[in-house]
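Beneath this line is the structure, given in structure tokens, with notes to follow.
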Amino acid sequence: MPVAHLTLDPAFSVGPVRRNTFGTFVEHLGRCVYTGIYEPDHPTATADGFRGDVLALTRELEVSTVRYPGGNFVSGYRWEDGTGPRAQRPRRLDLAWHSTETNEVGVDEFVTWCREAGTEPMMAVNLGTRGAQEALDLLEYCNVPSGTHYSDLRRANGAQAPHDIKFWCLGNEMDGPWQIGHKTAREYGRLAAETARAMRMIDEDLTLVACGSSSSSMPTFGTWEREVLEEAYEHVDLISAHAYYAEHDGDLASFLASAVDMDHFIESVSATADAVRAAGKHTKKIGISFDEWNVWYQHRAESRPPSGQDWPVAPVLLQDKYNVADAVVVGNLLISLLRHTERVHAASLAQLVNVIAPIMTEPGGRAWKQTIFHPFALTSAHAAGQVLDVAVRAPQTQTAKFGDVPLLDAVATREEETGALSVFVVNRSVTEPLTLEADVRALGELQVVEAVTLANPDPYLAATPDNQDQVAPQPNSTATVTEGRLAAQLPPVSWTMLRLAP
Ligand code: AHR
């Protein structure tokens, strides 16, 4: 059996685990909001009309932040439509997803939902059809305590205390020709800079995210980041990155190596941001908000919006069903995000419910976990302390898309006070089990506290409401520590979490 070696040493760490790595995303898209987080007639509905079963699963995911309200949706959105008495809220065409938006849920309801879910809102402003003024109005509505037009309107609408939203995205995917109000990098960079500058006049204590590229395969990738940051460097804190992966033409080996692309994406944006920093003689460093990432089968029929005269409310859209291999890739993408914790200050799994999501619901019925729920929930719960700089020596495998890649990928985190260690590891082999051997002598005497593996003889097995146990991680009884050497057997196409403590 091939063997992969890791060396872990607390003297070599790359930075702290950042809670905001474990964000997700709620967009007014398909059934994410309506019959996703909100369904007043559902048997589990709270007094505010939110699905209690979805709230419970969201808490179990330990979600740090939730980006809202889009996505492509935000680039045509009028936030005022979603405020005030429900009966008077307008129904509008949502051009991004060719749907009808009823506006039953808006900013006030979303913030209430976040408080109930134990998470923080990350608000996006419309820089597609709108501009700095409307962003300022929304910020005033959310964060000014009282005594102005919009803050008093919020109070009249029932929210006495300010929402105090600290995390703001300056538009969405403005590099994409599909985006309403798509712009060149220079046009967008100027608008982002001016919007950011004015927003800080209302509230200095904001984290502001400029739009980066919507994928690393965009023809403008690299140039976009450079030009946007040349315009906006001093005014923003983070630049966004978006990436979706899928298996194409039965090439499972390349799909399992998707994190190679995420590594490349993060390292390229970091290099570009640092080049602008040097040329502009800036001192601060720009971080990355990887605020859309996931597996998404975009070519499937369910990703195609309705057309013609059909403008449905909350249609079935992007309801991807995830299998075991998809969960292994999601686990590996989290490994990549954590490995780059020095640069990646925030991330959002896109999305949360029904739309390319870890949680699925039936209208009026059950809510259940998709396969990708598990690596997210376990990594969010157990990655803590410092991310260690893991030295990996692993056999290589050939992939059509990325050339030779290591069969094993891993990251480890360690809490200094307790000495607790979490190791997250994937075996990317399509066919071969792999032995993991990790040298942990530098970490003192440790014992295995928990070892679980997500795998199945059929990597294409998907989760349904009726087979939840079959696709959940199972205890891995092969994990041992002997004389400072951690060993475990990793089945092909698998994601594993190993927790050790003194
Ligand atoms: O998450 C689905 C869509 O993907 C978002 O609306 C958009 O920002 C991205 O292209």
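The values are calculated or read from the model by the stated rules, or taken from the named source; none is laboratory data. This one's a predicted model, so the numbers in the text were calculated from it and none came from an experiment. Counting neighbours? That spans all protein chains shown, and the Cβs are built from the backbone with ideal geometry, glycine included.
Evaluate the following for Leu498: is it touching a Pro at 6+ places or on another chain (Cβ under 6 Å) and buried (at least 16 other Cβ atoms within 10 Å of the Cβ)? Even if it seems obvious, please write down each step before you answer.
On the way: touching a Pro at 6+ places or on another chain (Cβ under 6 Å): no; buried (at least 16 other Cβ atoms within 10 Å of the Cβ): yes.
Considered against the rule, which asks whether it is touching a Pro at 6+ places or on another chain (Cβ under 6 Å) and buried (at least 16 other Cβ atoms within 10 Å of the Cβ), Leu498 comes out as no.
Considering only residues that are farther than 18 Å from Asn72 by Cβ and either assigned to a loop (DSSP other than H, G, I, E, B) or at pLDDT below 95 (or both), which ones fall in the stretch 265-309?
Gly280, Lys281, His282, Thr283, Lys284, Lys285, Ile286, Ala301, Gly308, Gln309
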Scan Ser75, Ser64 and give me the residue that is within 16 Å of the ligand (Cβ to nearest atom), in the same structural domain as Leu378 (by TED's automatic domain parsing) and hydroxyl-bearing (Ser, Thr, Tyr).
Ser75
Those residues of the stretch 396-410 which are assigned to a strand (DSSP E or B), under 25 Å from Ser217 (Cβ atoms) and of a type in the set (A, V, I, L, M, F, W, C), in sequence order
Val405
Six or more apart or on different chains, Cβ atoms under 8 Å: show the pairs whose first residue is in the stretch 94-112 and of a type outside the set (Asp, Glu) and whose second is in a helix (DSSP H, G or I) and within 13 Å of the ligand (Cβ to nearest atom).
Leu95/Gly76; Ala96/Asn72; Ala96/Phe73; Ala96/Ser75; Ala96/Gly76; Trp97/Asn72; Trp97/Phe73
Given Gly176, Gly189, which one is part of a helix (DSSP H, G or I) and either basic (Lys, Arg) or buried (at least 16 other Cβ atoms within 10 Å of the Cβ) (or both)?
Gly189
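Determine, yes or no, whether Thr220 is farther than 27 Å from Lys369 by Cβ, away from the ligand (no atom under 16 Å from the Cβ) and among the β-branched types (Val, Ile, Thr).
Working: farther than 27 Å from Lys369 by Cβ: yes; away from the ligand (no atom under 16 Å from the Cβ): no; among the β-branched types (Val, Ile, Thr): yes.
Taking the combined requirement at face value, the residue does not satisfy it.
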Restrict the check to the stretch 394-413 and report whether at least one residue is crowded, with 24+ Cβ neighbours inside 10 Å, of a type in the set (D, E, K, R) and under 30 Å from Asp439 (Cβ atoms).
yes
Output the residue which, of all residues in the stretch 228-251 that are part of a helix (DSSP H, G or I) and surrounded by fewer than 21 Cβ atoms within 10 Å (Cβ to Cβ), is farthest from the ligand (Cβ to nearest atom).
Glu234
Can you name every residue in the stretch 451-488 that is under 23 Å from Ala367 (Cα atoms) and of a type in the set (A, V, I, L, M)?
Leu454, Ala455, Leu461, Ala462, Ala463, Val471, Ala472
Picking from Asp9, Asp48, Asp53, the residue that is within 29 Å of Arg343 (Cβ to Cβ) and among the acidic types (Asp, Glu) would be Asp9
Filter the stretch 169-185 down to the residues that are more than 16 Å from the ligand (Cβ to nearest atom) and either closer than 17 Å to Leu238 by Cα or not assigned by TED's automatic domain parsing to the domain that holds Asn143 (or both) and list them by number.
Ala185
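Could you list all residues from the stretch 78-107 that are over 13 Å from Gly30 (Cα atoms) and either in contact with a helix residue (DSSP H, G or I) (Cβ under 7 Å, 6 or more places away or on another chain) or within 13 Å of the ligand (Cβ to nearest atom) (or both)?
Residues of the stretch 78-107 that are over 13 Å from Gly30 (Cα atoms), as a first pass: 78-93, 103-107.
Of everything in the stretch 78-107, those that are over 13 Å from Gly30 (Cα atoms) and either in contact with a helix residue (DSSP H, G or I) (Cβ under 7 Å, 6 or more places away or on another chain) or within 13 Å of the ligand (Cβ to nearest atom) (or both) turn out to be Trp79, Gly82, Thr83, Arg89, Pro90, Arg92, Asn103, Glu104, Val105, Gly106, Val107.
Sort through Arg51, Arg19, Arg31 and tell me the only one that's basic (Lys, Arg) and either modelled with pLDDT under 95 or within 16 Å of the ligand (Cβ to nearest atom) (or both).
Arg31
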Where the second residue is surrounded by fewer than 22 Cβ atoms within 10 Å (Cβ to Cβ) and hydroxyl-bearing (Ser, Thr, Tyr) and the first is closer than 16 Å to Ser240 by Cβ and at pLDDT 95 or above and lies in the stretch 173-194, which pairs have Cβ atoms under 8 Å and are six or more apart or on separate chains?
Asp175/Thr220; Ala185/Thr220; Ala185/Thr223
Give the stretch 292-313 a look and list any residue that's in contact (Cβ under 8 Å) with a residue 60 or more places away in the chain and either touching a helix residue (DSSP H, G or I) at 6+ places or on another chain (Cβ under 8 Å) or within 16 Å of the ligand (Cβ to nearest atom) (or both), or say none.
Glu292, Asn294, Val295, Trp296, Pro305, Pro306
Give all pairs with beta carbons closer than 8 Å in which a residue from the stretch 314-337 that is outside the structural domain of Glu362 (by TED's automatic domain parsing) meets a residue that is modelled with pLDDT of 95 or more and surrounded by 24 or more Cβ atoms within 10 Å (Cβ to Cβ); count only pairs at least 6 apart in sequence or on separate chains.
none
